[in-house]
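Worksheet for the structure shown next.
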Amino acid sequence: MKRIMILMAAAMFSLSLSAQGLPEFSKIEDYQLLHKQPTAKTDFSMIKYFGWGFHNVMGDADFVDNTSFGKNREFFLNIFQFAVKPSPNHIFSLGVDLNWDTYRLKENYCWVPSDLPSGSAASQYMVVPFTSDGHVSPAPFQGNVKKSLLRILSFDIPLDYTLKAGKMCLTLGASAEINLPGWTKFKGTANPEFTNFNTDKMNGKDIKTNIVTYNAHAKISYNEGFGIFFKYSPMPVLKEGFGPQFSTWTVGFCL
């Protein structure tokens, strides 16, 4: 009987030691969890943002001297974006955007889908010799101009890095731009003496562009929402020999 009591006491003592050791193992596991390296997260989204901005143009005087900052605009819409987040405060992203650029001239000037001599008036020709040869020229117009636009649609491929500091975000990046042919839109009337002037000829298409251009950009936003962006596009969007050569600085808003 005494031997059995001794064995039972030894067993209970061993169980007590084991129970006291369990918290040590728990502390080791807690330490490992606390110092575990976070894994990168990925995210795919569509229609992530859109925005609009104003171009300041620099280059050929025929265009630059006959326009102003508020007349040249852009609108862009994200199609999709793939993002990698190595940590909550650092984001790398690659996407595709649709971008519409619109260029306007000052009053009594218009875009002509032809290669006119520099400074010549569009409506000085009684029979309009405009041809769809891919050219576009800014020219004075003898008459009333209600609307004259040069528009270019492009697909932008932005590669960005975003740093989050609290709810503020700073984004830096660059985009490749794939430009489609441009087109012009005109509404207005020529002076009565130009009886043979056909304003329908002022609506041109297939304006030749540089197919691939690029830009560098930066954005400051609140909680990845409303923000202000800046963009510099150093390459002319119109192909050399087919239109004025100019670069742009752009400032605008995005959501």
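The values are calculated or read from the model by the stated rules, or taken from the named source; none is laboratory data. Not measured: the values here are computed from a predicted model. Note: ideal-geometry Cβ built from the backbone for every residue, glycine included; neighbour counts use all protein chains shown. Just so you know, the surface numbers come from the protein's heavy atoms only, side chains and all, with ligands and any DNA or RNA stripped out. Shrake-Rupley method; radii C 1.70, N 1.55, O 1.52, S 1.80 Å.
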Worksheet entry | Average accessible surface area per residue within segment 50-135, 1.4 Å rolling probe, Å² | 47 Å²
Worksheet item: What is the packing order of peptides 184-192, 203-211, taking the mean over residues of other C-beta atoms within 10 Å and listing the highest first?
Response: 203-211, 184-192
Discussion item. I want to check the label-to-label distance for Phe92 and Leu180. Put each point 7 Å from Cα in the C-beta direction and report it in nm to one decimal.
Written reply: 3.2 nm
Response to the item:
Normalised per residue, the volume inside the convex hull of the alpha-carbon atoms of segment 203-255 in Å³ amounts to 111 Å³
Fill in: Vicinal HN-Hα couplings computed from phi for segment 68-84 (Karplus, 6.51 cos²θ - 1.76 cosθ + 1.60; Hz; Gly/Pro x)
8, 4, x, 8, 10, 9, 9, 9, 9, 9, 6, 8, 7, 8, 10, 10, 10
Worksheet entry | Amide H contacts under 5 Å for Met168, placed H, 5+ residues apart | Asn223
Worksheet item: In Å and whole numbers, how far do the C-alpha atoms of segment 145-246 stretch along each principal axis, longest first?
Response: 66, 27, 18
Discussion item. With every atom except the alpha carbons ignored, what do you get for Rg and Dmax of segment 73-217, in angstroms?
Written reply: 20.8, 70
Fill in: Proximal lysines relative to Lys106, as straight alpha-carbon distance under 17 Å, when same-chain residues fewer than 8 apart are discounted
Lys71, Lys146, Lys147, Lys185, Lys187
Worksheet, complete the sentence: Between Cys110 and residues 5 or more places away or on another chain, the pairs with built amide H atoms under 5 Å apart involve Ala139, Phe141
